[in-house]
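The values are calculated or read from the model by the stated rules, or taken from the named source; none is laboratory data. Every value quoted in this text rests on a predicted model; they were computed, and no experiment measured them. Cβ sites come from the backbone with ideal geometry, for glycine too, and all protein chains shown count toward neighbours. When the accessible area is computed, the model is the full protein with side chains, heavy atoms only, and any ligands, DNA or RNA have been set aside. Shrake-Rupley method; radii C 1.70, N 1.55, O 1.52, S 1.80 Å.
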Amino acid sequence: MTQKILRTALTIFMTLAFTAGAFAFTYTATEVINNFAFNAAKILSDKPGDFFFSPYSILSAFGMAYAGANNATATEIEEVLGFSRENQTSFGELIRDIDKSKFLSSANRIWLRDGLNLKQAYKDDTALYYGSTLGELDFFNQPDESRKTINAWVSEKTNGKIQNLLATIEPDTQMILTNAVYFNAEWKDKFNKKSTEPKKFYINDNNETNVSMMRAHREYMFGEFNDFKIIRLPYKGYRLSMVVVLPPKGQENKLDTIDAKTFNQWLVSLEEYEVDLWLPKFKTEKRYELKDLFRDLGVKLAFSNFADFSGITDDEKLKVDNVIHKTFIDVDEDKTEAAAATAVTMMRATALPVTKLKPKAEFHADHPFMYCIMDNYTGTILFMGRQTFAK
């Protein structure tokens, strides 16, 4: 069988916000995404400084590759990431459910090299589970024009927050799968801008910096568990919320001890407190190449010459070459705006509160913290980050 290079970029763009609500796992896909979030965070935290990524975006993109995986390649992805043919249906239901949020918009499109023949089952599955549509581009004769077309689509779908996702497209590219998600939501209770003031943020024992610290004193869902403080900050509509996890000062490495099961147990145990809240304003943009992260997690066959993605097409023998991920988040007194884009490149294979006096608590995020943007109806982690203000 003649082997040709196939480069598939799955682009996922997403902006989100968090709400107050229950955290029952309605979909098995939620557990897959949340487990990946904490496992990936442990690897990303090995490097100093902030990180910010979207597990929802990354696995939605990689899921479209999994839809065409067979034999040992599919088995490895299932064992490491928790995918299954059954929970592909769950992914489709989850995506359609989350898309109901009026603060969220998303779109999926598969860009094909003109003349490439996809298997009908693969087209049916990606349309059913990811709502994808098809378009053709001349990657061979017009690679730069094709790149501009895809980047413009991503930019449009993300309100201009993700620019130039694809730096280049090789002329022998066969397919690029894109998913774009954008979210922009106001806090349920906005911070008073007059209360924002410069405060010291203690990066570590030896370093500190000045930040613009937002302040509020009101009722929030709050809890303290194993020396961690956790607070849930709802956005308008209550469906989405930001959950912030604050370790003891000077013990930020303890964040790596949290897993998805523990995190969910904490969330369902939060209670309403009157909280003196400090939260810094911040804006973060990140770009990652996640090939090594997937390999560290144990997904190796998909990136090797032994990869089997024969469920996509009979025209090419494919392997995943890289996973490119770009993110953006901007948190201020009024709102949160966030976005993410993921490109998977594939190459040739060689309840009502009780009226009572609320307990009081302090949540002063003046040292490194972890945060998640969550869909509370499903319990799905859409974004995860660590803010340190370290350069």
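A search for C-beta distances below 8 Å between a residue of the range 38-51 that is open to solvent by 40 Å² or more (accessible area, probe 1.4 Å) and any residue that is in a helix (DSSP H, G or I), counting only pairs 6+ apart in sequence or on different chains, returns Asn39/Leu297; Lys42/Asp256; Ile43/Leu293; Ile43/Asp296; Ile43/Leu297. Scanning the range 70-113 for residues that are closer than 30 Å to Gln142 by Cβ and not β-branched (Val, Ile, Thr) yields Ser105, Ser106, Ala107, Asn108, Arg109, Trp111, Leu112, Arg113.
Within the range 268-280, not a single residue is under 18 Å from the mean Cα position of the chain (by Cα), under 23 Å from Phe369 (Cα atoms) and modelled with pLDDT of 95 or more.
Looking at the range 118-135, which of its residues are surrounded by fewer than 17 Cβ atoms within 10 Å (Cβ to Cβ) and either touching a helix residue (DSSP H, G or I) at 6+ places or on another chain (Cβ under 9 Å) or modelled with pLDDT under 90 (or both)? Across the range 118-135, the qualifying residues are Ala127, Leu128, Gly131, Thr133, Leu134, Gly135. A search for C-beta distances below 8 Å between a residue of the range 106-122 that is more than 26 Å from Ala340 (Cβ to Cβ) and any residue that is outside any strand (DSSP E or B) and of a type in the set (Gly, Ala, Ser), counting only pairs 6+ apart in sequence or on different chains, returns Lys119/Gly68; Lys119/Gly311; Ala121/Gly311. Look at the range 331-346 and say how many of its residues are at pLDDT 95 or above and either more than 17 Å from Asp189 (Cα to Cα) or in contact with a helix residue (DSSP H, G or I) (Cβ under 8 Å, 6 or more places away or on another chain) (or both). The number of residues fulfilling the criteria is 1.
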